[in-house]
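The next block holds one structure in the form of structure tokens; read it before the comments.
The values are calculated or read from the model by the stated rules, or taken from the named source; none is laboratory data. What you see is a predicted model; the values in this text were computed from it and never measured. Cβ sites come from the backbone with ideal geometry, for glycine too, and all protein chains shown count toward neighbours. Please note that ligands, DNA and RNA were not included when accessible areas were found on the heavy atoms of the full protein model with its side chains. Shrake-Rupley method; radii C 1.70, N 1.55, O 1.52, S 1.80 Å.
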Amino acid sequence: MTDPANEKAPEKTECRICGGAVEEFFDFGRQPVSDSFVTPETAGREFYFRLAAGICADCTMVQLIEEVPREQMFHEDYPYRSSQSAVMHRHFEEYAQRLLATELAGEDPFIVEIGSNDGTMLKTVQKAGVRHLGVDPSAQVADFARAEGVRALTAFFQDSTAREIAVADGPADVIFSANTYSHIAYMDSVFSGVDALLADDGVLVIEDRYLGDIMGQNAFDQIYDEHFYLFSVSSVRAMARTFGFELVDAEPLTVHGGSMRYTIARPGRRTPSPAVAEHLQREQERGLASPETFRRFAANVRSGCGELMELLTSLREQGRTVVGYGATAKSATIINYAGIGPELVPFIVDSTPAKQGRLTPGSHIPVRSPEEFSAPYPDYALLFAWNHAEEIMAKEKGFREAGGKWILYVPDVHTA
Ligand code: SAH
Ligand code: TMP
Ligand code: ZN
């Protein structure tokens, strides 16, 4: 395991939000694009970049130092499908119902979703007969949304896209974006698009992994190419302000190992919920933007990866079998940083059809269907989709019953 972070002084970069100084706190080295599942023919042609994260001393936004060109990540073959998780399905259905009963209860309401993927969220809106438009640049997943009857545009959301939508469909009462806003480095263009598209009294609702949970649980694999930003209440509030908006609510969510739902409005249009100030204070008390937090995090990443490699190596020496579960995008970070290859984890099972039969980026571990998990069960299963632990462990309860053990590495390396 190499650790280039030890080899040179941290870099200073300009913050993509406010122009302040970004101080690098961790360098994962050369990493492939996380969702580039390759075939034996295309293996080795993955796009590589330097995966390193830093925090802005001015606005507290945690961000990547190097940006991967968006076309390398989001294209025709982008494999991720929101609908693969029943928990996420339910989560989005519940929130869509809530929006339908509140923000979308007026006359002829209109909602736009940024990063609508396969239409999992908008499906509920469509069924209610409410005007909607999903925007997603990944053609295949947008086709799945359309096949569900969801209206979807294959495009990157940015200023020009938003203006076109505003002309064609009129202002949006809600602009919703789950696990996507953080994927977009060019926030100036996105917010100017939101400004052009959002109704005067409308809301922009963003759901994303929460920095507080990532630091608290040492969930370092949440750092990967697509997660250009890691949001906190403090940084999202500053970002909204920078672009002429106001953060009016923050609601913690349990999904994806700990997320936050941010509601943003035009200044003065909504009364801010006390939750915003409460979270800001809690973040300050726990030092969420302090150098000490990031030093501790960096030390935990190194020790966690070291322990996992020791465990996997000793299991191999004992002749125990280990299989990976969930070829997640975030698994690219731990697999490539720690140096896990097919000799330690011969294959990973995953329910996503577009990942099956392919090889993981960089490490070239084969991805197979979950049906192969029980044929026969391995001794250990390394749970890369730890954010779906409850759902997967319930689905695969036969594994434990047969004497199998799960290996987890968040918040620390342990078996369950
Ligand atoms: N909202 C879904 C999907 C998240 S995956 C969920 O929470 O499960 C992120 C999605 O964002 C991908 O489908 C990707 O194609 C899309 N995306 C990336 N950049 C985008 C942009 N600029 N505008 C709209 N969608 C974008
Ligand atoms: P995510 O953590 O980015 O949501 O990715 C989860 C991955 O795990 C995705 O590739 C689908 C896969 N998965 C399964 O294989 N089985 C499951 O039961 C669930 C919930 C996800
Ligand atoms: Zn900044």
Problem set entry | Enumeration of residues in the range 317-326 that are part of a loop (DSSP other than H, G, I, E, B), touching a Pro at 6+ places or on another chain (Cβ under 9 Å) and not charged (D, E, K, R) | THR321
Exercise. Does the range 256-282 hold any residues that are in contact with a strand residue (DSSP E or B) (Cβ under 8 Å, 6 or more places away or on another chain), surrounded by fewer than 21 Cβ atoms within 10 Å (Cβ to Cβ) and aliphatic (A, V, I, L, M), and which are they?
Worked result: ALA275, VAL276
Exercise. Just checking, how many residues over the range 50-60 are closer than 11 Å to GLU14 by Cα and near ligand 3 (Cβ under 9 Å from one of its atoms)?
Worked result: 4
For this session: Please determine, by comparing only the residues of the range 22-33 that are more than 8 Å from ligand 3 (Cβ to nearest atom), hydrophobic (A, V, I, L, M, F, W, C) and assigned to a strand (DSSP E or B), which one is farthest from ILE223 (Cα to Cα).
Result: PHE25
For this session: State all residues of the range 333-352 that are in a loop (DSSP other than H, G, I, E, B) and without any contact (Cβ under 8 Å) to a residue 60 or more places away in the chain; if no residue qualifies, say none.
Result: ILE340, GLY341, PRO342, GLU343, LEU344, VAL345, PRO346, PHE347, ASP350
Problem set entry | Scan of the range 57-105 for residues that are open to solvent by less than 20 Å² (accessible area, probe 1.4 Å), farther than 23 Å from GLU226 by Cβ and either of a type in the set (Ser, Thr, Tyr) or not in a helix (DSSP H, G or I) (or both), ordered by number | LEU104
Exercise. Taking ALA289, is it part of a strand (DSSP E or B), touching a residue at least 24 places away in the same chain (Cβ under 8 Å) and either away from ligand 2 (no atom under 16 Å from the Cβ) or more than 30 Å from GLU93 (Cβ to Cβ) (or both)?
Worked result: no
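Conditions tested, residue by residue: (1) open to solvent by less than 20 Å² (accessible area, probe 1.4 Å); (2) closer than 26 Å to THR333 by Cβ.
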residue	(1), (2)
ALA196	no, no
MET215	no, yes
ALA219	yes, yes
GLN222	yes, yes
HIS227	yes, yes
VAL248	yes, no
Exercise. Quick one: how many residues across the range 155-174 are in contact with a helix residue (DSSP H, G or I) (Cβ under 8 Å, 6 or more places away or on another chain) and either within 16 Å of ligand 2 (Cβ to nearest atom) or open to solvent by less than 60 Å² (accessible area, probe 1.4 Å) (or both)?
Worked result: 12
For this session: For the range 157-164, indicate whether the set of residues that are over 28 Å from CYS15 (Cβ atoms) and without any contact (Cβ under 8 Å) to a residue 12 or more places away in the chain is non-empty.
Result: yes
Exercise. Could we say that LEU133 is in contact (Cβ under 8 Å) with a residue 40 or more places away in the chain, more than 16 Å from ligand 3 (Cβ to nearest atom) and touching a strand residue (DSSP E or B) at 6+ places or on another chain (Cβ under 7 Å) here?
Worked result: no
Exercise. Could you say which residue among ASP108, ASP143 is on the phi > 0 side of the Ramachandran plot and open to solvent by 60 Å² or more (accessible area, probe 1.4 Å)?
Worked result: ASP108
Seminar exercise, completed: The residue that is nearest to PRO361 (Cα to Cα), considering only those in the range 27-44 that are buried (at least 21 other Cβ atoms within 10 Å of the Cβ) and away from ligand 1 (no atom under 16 Å from the Cβ), is PRO32
Exercise. Within the range 380-407, which residues are open to solvent by 60 Å² or more (accessible area, probe 1.4 Å) and within 25 Å of GLY319 (Cβ to Cβ)?
Worked result: ARG400, GLU401, ALA402, LYS405
Exercise. What residue, of GLU292, GLU285, GLU317, is within 29 Å of ALA416 (Cβ to Cβ) and open to solvent by 70 Å² or more (accessible area, probe 1.4 Å)?
Worked result: GLU317
Problem set entry | Residues within the range 120-140 that are open to solvent by 60 Å² or more (accessible area, probe 1.4 Å) and either in a loop (DSSP other than H, G, I, E, B) or of a type in the set (Gly, Ala, Ser) (or both), tallied | 1
Exercise. Can you spot a residue in the range 97-108 that is more than 15 Å from ligand 2 (Cβ to nearest atom) and under 20 Å from the mean Cα position of the chain (by Cα)?
Worked result: no
Seminar exercise, completed: Contact list, first residue from the range 59-81 and within 27 Å of PHE25 (Cα to Cα) and modelled with pLDDT of 95 or more, second anywhere and among the β-branched types (Val, Ile, Thr) and within 16 Å of ligand 3 (Cβ to nearest atom), beta-carbon distance below 6 Å, six or more apart or interchain, is CYS59/ILE17; MET61/ILE17; VAL62/ILE55; ILE65/THR13
Problem set entry | Any chance ALA52 is of a type in the set (Gly, Ala, Ser) and either surrounded by fewer than 17 Cβ atoms within 10 Å (Cβ to Cβ) or within 16 Å of ligand 1 (Cβ to nearest atom) (or both) | no
